[in-house]
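Below you'll find the structure, written out as structure tokens, and then a few comments.
The values are calculated or read from the model by the stated rules, or taken from the named source; none is laboratory data. A quick note: this is a predicted structure, and the numbers were derived from the prediction, not measured. Every residue, glycine as well, gets a Cβ built from its backbone with ideal geometry; the counts of neighbours run over all protein chains shown.
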């Protein structure tokens, strides 16, 4: 019991705080100083009287357009959330909310947004958030990540009903299972809307949700994922390795590229192991032994060397300025997300290469002076 209390205390320190995260007002004036970023959203959260969406689950499926204001002084990897009284000069701020009356209206607006880009960049990045996230935080993080990595096309978040509290871990785990049908509905709708290319980017517990959803789609429609997805990226996935392997074996063909960003210094996944009584047994997001997944055509991207200077050791790829610079500067990185042909991971990201059967691991090397 004492050990469990220690873990709970660490969760509160690492993820909590005294800030009221339940409400982020809409401040249109934020766009007078900030840069607008359009983020579409699909959610199975219960709508609240104030026009936002909370943590309760609903069978309803809501589609929205959110306008996020990125502060003028924003630096890559930095994300300051604007909550009850946001400062648009320093914080990401919600500047607009629109609820679509129908799926047809949503699809029409999405196509309009995509028409702003060249034909070879008209793709959709679907961001699936992780544990302990509110809807506004999810939109802010998706806006920050796609802005900092300069991902082309439209951004869509799937906002599943996380409790948005550090001690809501069990509730969130159940919500992941509840939310599978909603994510499948979104993915199928995007394809029926005429979107040519869909890339899924999932973080933490969102990796479990993504894999469970793709597994159930593959059972019903074998080969769907490889045919309709332009890539899958799991960032710090809070996912049991054995469970991941059973999910992967359901694919008639694995969509490519299929990338897994890991870190051996991920403090949250270490806590996840302890909560489950799995001390010493790795989660997929801190996997060190490539032999575990060698049967699958996956790319393991080890970000451990960037963990110390990252704003979050549980989301190194989004919060390390040095790693974001590397992702933007690596030859063919952006092009990999823009075209149908597959490029080997060792040509995308520099580092020490380890190949075992079908799997490839890249141990990224931080530039000198980037560590704290």
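General remarks:
- Residue count for segment 283-315, restricted to those that are within 14 Å of residue 270 (Cβ to Cβ) and not in a loop (DSSP other than H, G, I, E, B): 5
- Across segment 279-318, the qualifying residues are those that are free of Cβ contacts under 8 Å to residues at least 60 places away in the same chain, farther than 30 Å from residue 78 by Cβ and in contact with a helix residue (DSSP H, G or I) (Cβ under 8 Å, 6 or more places away or on another chain), and the one among them that is surrounded by the fewest Cβ atoms within 10 Å (Cβ to Cβ) is 280.
- Qualifying residues in segment 126-145 (those that are touching a helix residue (DSSP H, G or I) at 6+ places or on another chain (Cβ under 6 Å) and within 21 Å of residue 232 (Cα to Cα)) - the one surrounded by the most Cβ atoms within 10 Å (Cβ to Cβ): 128
- Condition met for residue 287 (in contact with a strand residue (DSSP E or B) (Cβ under 9 Å, 6 or more places away or on another chain) and either over 18 Å from residue 210 (Cα atoms) or modelled with pLDDT of 95 or more (or both)): yes
- Only residues that are surrounded by fewer than 21 Cβ atoms within 10 Å (Cβ to Cβ), under 24 Å from the mean Cα position of the chain (by Cα) and outside any strand (DSSP E or B) were counted in segment 89-111, giving 6.
This table checks each residue for (1) touching a helix residue (DSSP H, G or I) at 6+ places or on another chain (Cβ under 8 Å); (2) in a strand (DSSP E or B).
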| site | (1), (2) |
| --- | --- |
| 24 | yes, no |
| 29 | no, no |
| 43 | yes, yes |
| 57 | yes, yes |
| 60 | no, yes |
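- Cβ-Cβ distances below 6 Å connect the following pairs, each with a first residue in segment 258-270 that is closer than 30 Å to residue 228 by Cα, a second residue that is surrounded by fewer than 22 Cβ atoms within 10 Å (Cβ to Cβ) and at pLDDT 90 or above, and a separation of six or more residues or different chains: 259/299; 263/304.
- Whichever residue in segment 185-216 is more than 30 Å from residue 288 (Cβ to Cβ) and modelled with pLDDT of 95 or more and, among such residues, is surrounded by the fewest Cβ atoms within 10 Å (Cβ to Cβ): 188
- If the condition is being farther than 11 Å from residue 94 by Cβ, touching a strand residue (DSSP E or B) at 6+ places or on another chain (Cβ under 9 Å) and touching a residue at least 12 places away in the same chain (Cβ under 8 Å), then segment 38-50 contributes 38, 40, 41, 42, 43, 44, 45, 46, 47.
- Screening residue 76 with (1) at pLDDT below 95; (2) more than 23 Å from the chain's Cα centre (by Cα) gives one miss only, at (2).
- Criterion (more than 30 Å from residue 34 (Cα to Cα) and in contact with a helix residue (DSSP H, G or I) (Cβ under 6 Å, 6 or more places away or on another chain)) met by exactly one of 157, 176: 176
- Test result for residue 151, closer than 23 Å to residue 297 by Cβ, surrounded by fewer than 24 Cβ atoms within 10 Å (Cβ to Cβ) and more than 17 Å from the chain's Cα centre (by Cα): no
- Residues that are under 12 Å from the mean Cα position of the chain (by Cα) and over 14 Å from residue 231 (Cβ atoms) within segment 116-136 comprise 129, 130, 131, 133, listed in sequence order.
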